[in-house]
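The values are calculated or read from the model by the stated rules, or taken from the named source; none is laboratory data. Just so it is clear, the structure is predicted and the values come from calculations on it, not from any experiment. Cβ sites come from the backbone with ideal geometry, for glycine too, and all protein chains shown count toward neighbours.
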Amino acid sequence: MEAIEGIAIIGMAGRFPGARGIAQFWENLTQGVESVTELSEEALQQAGVGQSLYGEDNYVRAATLLDDIDLFDAAFFNIPAREALVVDPQHRVFLECCWEALETAGYVPDAYEGAIGVYAGASLNTYLIHNLACQPALLSTPEGFQALVGNEKDYLATRVAYKLNLRGPAVSVQTACSTSLAAVHLAAQSLYLGECDMALAGGVSVKVPQTVGYLHQDGMPFSKDGHCRTFDEKASGTVFGSGAGVVLLKRLQDAIDDGDNILAVIRASSMNNDGSAKVGFTAPSSEGQADVIAQTLALADVPAESIGYIEAHGTGTPLGDPIEVAALTDVYSAETSRTGYCAIGSVKTNVGHLETASGITGLIKVVQMLRHGTWVPSLGFDKPNPEIDFAKTPFFVNTKTQPWPMQGDTPRRAAVSSFGMGGTNVHAILEQAPESEAPALPKRDFYIMTLSARTRESLDSMTANLRSWMADNMDADPHRIAATLQLGRKGFEYRRAFVCRDLIDAVEVLDGNDPGRLLTTHTKGPRKPAFLFAGGGAQYPGMAADLYQRDAAFAADVDECAMQFQPLIEEDIRRFMLAKSDDLALAARMCDPDVMFPALFTVQYAMARYFLARGIEPAAMVGHSNGEYVVACLSGVMSLATAIRMVALRSTLMMKMAPGAMVAVPLPEEEVLPLLVGSPLSIAAVNGPKTTVLSGEKAEVDAFVERLAREKKVEAKSVHVNAGLHSYLTDSIRIEFEQGIAGLELQAPEIPYVSCVTGEWATSDEVKDPAYWGRHLRQTVLYKDAVNTLMEKDDYVLLDMGPGQVVGALARQIADGQRWDVISASRQIDDVVNDEEYALSAVARLWMVGAELDWLSFYNGKKPRPMVLPTYAFQRKRYWIAPRVSMPPMQRKRRTGPSCLRRKIAKTRRKSALPGVRR
């Protein structure tokens with residue numbers, strides 16, 4: 001199948017005058033907001049503008065301002081505070097925008113297997129000129145080198161690549177006003193050439209200081225009245241300001257194949273230069289503009305009549321606007337005689353001229369128009385420039401928010417122009433995203449929602465943002481939301497997770513109405529999961545019944561085990577597993593080995609498979625008594641059929657033993673041993689530092705319990721097993737058991753596990769020997785030693801697969817205050833919670849403590865289409881070096897007016913000491 005050509009825009013982010021993000025920017029556009037600020041005398045004075053200047057008749061007190069240019073989340077990007085102080089604010093703003101663009105597309109750079117490129121440009125670095133260059137004391141310190149690195153235009157793209165771990169091309173682009181659209185064009189070419197698989201492209205411009213006006217002069221591009229009136233007869237220029245924008249690009253066919261959220265498609269883009277065929281270096285050229293427009297239209301291979309909107313360069317100058325319309329008209333009129341069908345406008349009427357960021361700002365505007373099927377107004381237009389006769393052109397200036405009409409089956413298309421001083425012209429043709437519904441995801445009963453951040457403050461802000469978003473989008477698909485949070489966000493140290501049924505339930509949890517469900521932790525990660533499996537006594541009727549009824553794969557595993565066990569034990573264990581928990585008759589029968597051990601094997605095997613299917617693989621395992629058969633099966637020592645045969649034989653033979661009982665004594669082994677002098681009882685298990693299990697004939701066990709209570713005031717607890725396991729009573733069946741399993745195929749373990757027979761790591765020779773399993777039947781269960789051995793090797797998180805949470809509770813006792821995380825996969829018998837919800841909560845807890853999960857396995861290996869959710873909540877702090885050095889009053893008075901650079905030279909010559917830098 002031939003690939004669909006084009007470049008998909010799959011993510012974007014930006015900060016603009018009057019708008020902290022894309023959503024607010026779009027709202028401003030639809031409402032016709034002009035984000036130009038009229039500056040007060042106080043603001044001008046604080047910026048250092050003297051009254052003699054702003055009092056001039058031609059001084060225009062207008063600016064388009066970007067909020068919080070002095071703030072930055074340096075810690076998020078691992079940038080030391082002292083370095084952040086001297087980094088160009090343009091670099092800082094752009095870094096944050098790049099991260100947000102990736103998150104809007106649902107991609108984590110570290111987890112993406114392909115190469116991600118970055119193409120970007122910044123404006124003249126006025127922070128260096130006005131704030132740093134006048135600080136010789138600063139520039140002569142070690143921070144001086146960082147100031148050079150942090151303020152060089154060349155390092156904008158490579159800084160992003162370094163901080164975000166991007167391995168595609170990193171190219172800083174400089175073509176003046178057309179820089180950011182040129183970056184998009186070059187990024188698209190890089191994608192076509194296969195140099196990268198995704199690319200960030202955009203630009204940033206941050207003026208320092210911001211709160212200053214300008215002197216208007218005729219013939220210059222600065223507006224006379226502080227308004228950009230593109231194409232209007234009163235147009236006198238533009239207002240320059242600050243802003244940033246970035247888009248994430250991908251080859252269209254790849255985006256379709258990967259199920260990305262396609263915002264719009266770049267059909268074609270072109271770039272050229274005017275050369276010398278114009279009035280002057282700074283003047284525009286109608287010929288150059290027409291050439292690039294015609295070339296792009298030809299590359300796009302679409303008729304001119306299909307273009308419904310033009311986002312013009314539109315600086316609002318009396319000379320530039322007519323030249324631009326003339327160039328467009330030359331190209332379009334060569335193809336069509338239609339007039340007045342194509343809307344035209346300029347975002348500069350809303351936010352001013354954002355210099356290197358102007359092209360990307362226009363592009364983002366057009367993407368939003370295509371997404372919403374809406375034309376937004378170009379402001380300040382009343383009567384056209386007398387040099388423009390729109391009636392004879394295909395174009396009309398759109399002055400109101402209105403639906404963008406479709407032309408039959410043709411998708412909406414738009415063009416964007418950006419022309420740089422010096423003559424580099426860029427033009428792009430965009431098309432609305434191909435219609436495709438996100439594949440329907442199966443409805444689930446429960447969803448895991450995850451959030452993480454570098455700080456607790458960020459985590460709290462992200463929680464609040466997600467709660468607000470959910471409340472405003474209650475019809476959104478919780479499945480896609482969960483997938484976006486799991487797969488499209490990086491896992492940081494501070495983590496929060498919860499399991500919910502739907503968005504109504506999610507908002508309830510986030511409101512704090514059920515505190516126990518909203519989990520929060522600070523993980524040191526990464527951690528490796530280690531599975532624990534229980535032996536006899538952990539069973540109860542109805543264990544995992546809800547999961548059996550809700551999860552088909554879990555039910556299939558249970559059914560498979562039950563059908564293989566049935567002819568061997570003459571019982572269908574499912575009737576016990578699916579019974580009500582208060583069925584006392586079945587509970588008593590489950591204490592018999594021929595039911596208990598097959599049931600425990602089955603539920604734990606199926607539970608382990610449930611977690612394995614969700615990408616949670618054990619790095620190690622421990623099985624208590626009969627639990628080691630599950631371990632051996634999962635590790636590859638024996639097949640499922642072999643394990644079931646061995647468990648069934650072991651269990652039915654135990655029914656032939658003399659009646660026995662088991663009891664747990666809350667004392668350490670060394671204190672129990674003297675009490676057994678003269679007693680036939682056996683130590684069946686050493687389960688912890690203060691938990692020892694005794695086993696033997698029931699009468700002997702009862703007598704010991706009575707004596708223990710009378711002499712030591714210690715109360716022992718019966719184990720729910722109708723047999724004297726791991727005692728002298730098993731001697732009667734041991735040989736028959738070993739003979740019964742002789743000849744069964746046993747292999748070396750593929751997953752390491754610790755033996756409770758030896759308390760050490762199981763070896764290949766041991767587990768392949770039938771005599772080992774004979775000893776396993778008879779000898780003391782060294783669970784305490786096994787868990788200690790396990791935790792000596794690595795920093796594991798322990799996952800208790802057994803019902804009743806028995807082995808997990810014992811592991812906590814063994815930990816005795818050490819930093820071990822123990823998580824239970826199954827609820828206790830009295831817990832009022834659904835089994836599936838509990839199991840998913842265990843998954844969430846694993847992630848919370850740093851276990852690396854394969855979230856993609858939750859979605860059968862196919863990443864669902866991401867949703868545009870709230871992005872990272874940066875915790876910005878002020879990193880700003882003041883532009884002036886403190887000077888004694890007399891010196892300041894004598895030296896009024898010189899620039900910072902002149903002061904620097906004069907002071908350096910006098911070799912006078914400088915006071916400290918103000919921050």
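Answer yes if at least one residue in segment 305-317 is surrounded by fewer than 22 Cβ atoms within 10 Å (Cβ to Cβ) and part of a helix (DSSP H, G or I), and no otherwise. Looking through segment 305-317, at least one residue is surrounded by fewer than 22 Cβ atoms within 10 Å (Cβ to Cβ) and part of a helix (DSSP H, G or I). Checking each residue in segment 165-183 for being over 25 Å from the mean Cα position of the chain (by Cα), polar (S, T, N, Q) and not in a helix (DSSP H, G or I) picks out 172, 174, 175, 178. Being assigned to a helix (DSSP H, G or I), surrounded by fewer than 24 Cβ atoms within 10 Å (Cβ to Cβ) and in contact with a His (Cβ under 8 Å, 6 or more places away or on another chain) is a property that residue 162 lacks. Just one of the numbered conditions (1) over 30 Å from residue 617 (Cα atoms); (2) assigned to a loop (DSSP other than H, G, I, E, B) is not true of residue 745: (1). Scanning segment 510-559 for residues that are more than 30 Å from residue 464 (Cβ to Cβ), in a loop (DSSP other than H, G, I, E, B) and in contact with a helix residue (DSSP H, G or I) (Cβ under 6 Å, 6 or more places away or on another chain) yields 534, 535, 536, 538, 539, 541, 543, 544.
Could you count how many residues in segment 442-496 are charged (D, E, K, R), over 30 Å from residue 78 (Cβ atoms) and assigned to a helix (DSSP H, G or I)? I'd like the intermediate steps shown before the answer.
Pass one, segment 442-496, residues charged (D, E, K, R): 443-445, 454, 456-457, 460, 467, 472, 475, 477, 480, 489-490, 493, 495-496.
Going one step further and asking which of them are over 30 Å from residue 78 (Cβ atoms), we end up with 443-445, 472, 475, 477, 480.
Cutting the leftovers down to assigned to a helix (DSSP H, G or I) gives us 472, 480.
Counting residues in segment 442-496 that are charged (D, E, K, R), over 30 Å from residue 78 (Cβ atoms) and assigned to a helix (DSSP H, G or I) gives 2.
Among the residues here, residue 507 does not qualify as buried (at least 19 other Cβ atoms within 10 Å of the Cβ), outside any loop (DSSP other than H, G, I, E, B), in contact with a Lys or Arg (Cβ under 8 Å, 6 or more places away or on another chain) and modelled with pLDDT of 95 or more. Restricting 480, 412, 495 to those that are closer than 26 Å to residue 369 by Cβ, among the basic types (Lys, Arg), surrounded by 17 or more Cβ atoms within 10 Å (Cβ to Cβ) and not assigned by TED's automatic domain parsing to the domain that holds residue 34 reduces the list to 480.
Which one of these is buried (at least 16 other Cβ atoms within 10 Å of the Cβ), in contact with a strand residue (DSSP E or B) (Cβ under 6 Å, 6 or more places away or on another chain), more than 18 Å from residue 261 (Cβ to Cβ) and not β-branched (Val, Ile, Thr): 430, 459?
Working: 430 fails: more than 18 Å from residue 261 (Cβ to Cβ).
Answer to the check: 459.
Here is a check on your reading of the model: is residue 603 assigned to a loop (DSSP other than H, G, I, E, B), of a type in the set (A, V, I, L, M) and crowded, with 16+ Cβ neighbours inside 10 Å? So residue 603 does not fit the description; no.
Across segment 57-112, the number of residues qualifying as over 25 Å from the mean Cα position of the chain (by Cα) and among the aromatic types (Phe, Trp, Tyr) comes to 1.
Of the residues 562, 587, the single one that is in contact with a Ser or Thr (Cβ under 9 Å, 6 or more places away or on another chain), over 14 Å from residue 606 (Cα atoms), in a helix (DSSP H, G or I) and in contact (Cβ under 8 Å) with a residue 12 or more places away in the chain is 587.
Quick check on residue 568: is it among the hydrophobic types (A, V, I, L, M, F, W, C), surrounded by fewer than 22 Cβ atoms within 10 Å (Cβ to Cβ) and out of contact with any Phe, Trp or Tyr (no Cβ under 7 Å at 6 or more places or on another chain)? Spell out the reasoning first.
On the way: among the hydrophobic types (A, V, I, L, M, F, W, C): yes; surrounded by fewer than 22 Cβ atoms within 10 Å (Cβ to Cβ): yes; out of contact with any Phe, Trp or Tyr (no Cβ under 7 Å at 6 or more places or on another chain): yes.
Yes.
All of (1) surrounded by fewer than 18 Cβ atoms within 10 Å (Cβ to Cβ); (2) under 20 Å from residue 485 (Cβ atoms) hold for residue 873 with one exception: (1). Scanning segment 184-200 for residues that are surrounded by fewer than 21 Cβ atoms within 10 Å (Cβ to Cβ), at pLDDT 95 or above, more than 16 Å from residue 92 (Cα to Cα) and under 23 Å from the mean Cα position of the chain (by Cα) turns up at least one hit. For the residues 733, 751, the requirement of being assigned to a helix (DSSP H, G or I) and either touching a residue at least 12 places away in the same chain (Cβ under 8 Å) or under 19 Å from residue 538 (Cβ atoms) (or both) singles out 733. Within segment 221-232, the only residue that satisfies the criterion of being at pLDDT below 95 and not in a loop (DSSP other than H, G, I, E, B) is 222.
Answer with yes or no whether residue 35 is small (Gly, Ala, Ser), assigned to a loop (DSSP other than H, G, I, E, B), on the phi < 0 side of the Ramachandran plot and surrounded by fewer than 22 Cβ atoms within 10 Å (Cβ to Cβ). When the stated conditions are applied, residue 35 passes them. Does any residue of segment 208-220 turn out to be at pLDDT 95 or above, among the charged types (D, E, K, R) and in a loop (DSSP other than H, G, I, E, B)? Looking through segment 208-220, none of the residues is at pLDDT 95 or above, among the charged types (D, E, K, R) and in a loop (DSSP other than H, G, I, E, B).
Looking at 293, 266, 262, can you tell me which residue is in a loop (DSSP other than H, G, I, E, B) and of a type in the set (A, V, I, L, M, F, W, C)?
Values: 293 fails: in a loop (DSSP other than H, G, I, E, B); 266 fails: in a loop (DSSP other than H, G, I, E, B).
After applying the criteria, what remains is 262.
Looking at segment 799-850, which of its residues are in a loop (DSSP other than H, G, I, E, B), touching a strand residue (DSSP E or B) at 6+ places or on another chain (Cβ under 9 Å) and free of Cβ contacts under 8 Å to residues at least 40 places away in the same chain? Once the filter is applied, which keeps residues that are in a loop (DSSP other than H, G, I, E, B), touching a strand residue (DSSP E or B) at 6+ places or on another chain (Cβ under 9 Å) and free of Cβ contacts under 8 Å to residues at least 40 places away in the same chain, segment 799-850 yields only 820.
Test residue 446 against the stated conditions and say whether it is of a type in the set (Phe, Trp, Tyr) and surrounded by fewer than 21 Cβ atoms within 10 Å (Cβ to Cβ). When the stated conditions are applied, residue 446 passes them.
No other residue among 472, 382 is among the acidic types (Asp, Glu), modelled with pLDDT of 95 or more and touching a strand residue (DSSP E or B) at 6+ places or on another chain (Cβ under 9 Å) apart from 382.
Pick out the one residue from 605, 629, 610 that is within 27 Å of residue 487 (Cα to Cα), in the same structural domain as residue 826 (by TED's automatic domain parsing) and out of contact with any strand residue (DSSP E or B) (no Cβ under 6 Å at 6 or more places or on another chain).
Details: 605 fails: within 27 Å of residue 487 (Cα to Cα); 629 fails: within 27 Å of residue 487 (Cα to Cα).
Answer to the check: 610.
Look at segment 427-449: where a residue is farther than 30 Å from residue 499 by Cα and of a type in the set (A, V, I, L, M) and a partner is at pLDDT 80 or above and assigned to a loop (DSSP other than H, G, I, E, B), sitting 6+ places away or on another chain with Cβ atoms under 6 Å, you get 433/262.
So how many residues does segment 86-118 have that are in contact (Cβ under 8 Å) with a residue 12 or more places away in the chain, more than 16 Å from residue 364 (Cα to Cα) and either surrounded by 24 or more Cβ atoms within 10 Å (Cβ to Cβ) or not small (Gly, Ala, Ser) (or both)? Spell out how you get there, then give the answer.
Step one: filter segment 86-118 for residues in contact (Cβ under 8 Å) with a residue 12 or more places away in the chain, giving 86-112, 114-118.
Still in the list and also more than 16 Å from residue 364 (Cα to Cα): 86-93, 95-96, 99, 103, 106-112, 114-118.
Still in the running and either surrounded by 24 or more Cβ atoms within 10 Å (Cβ to Cβ) or not small (Gly, Ala, Ser) (or both): 86-93, 95-96, 99, 103, 106-110, 112, 116-118.
Number satisfying all stated conditions: 21.
Looking for whichever is in contact with an Asp or Glu (Cβ under 9 Å, 6 or more places away or on another chain) and either over 16 Å from residue 417 (Cα atoms) or in the same structural domain as residue 96 (by TED's automatic domain parsing) (or both) here; the options are 280, 241. Which one fits? Write out each step before concluding.
On the way: 280 fails: in contact with an Asp or Glu (Cβ under 9 Å, 6 or more places away or on another chain).
Only one candidate passes the filter, namely 241.
Screening 378, 358 for residues that are in contact with a helix residue (DSSP H, G or I) (Cβ under 8 Å, 6 or more places away or on another chain) and assigned to a loop (DSSP other than H, G, I, E, B) leaves exactly one candidate, 378.
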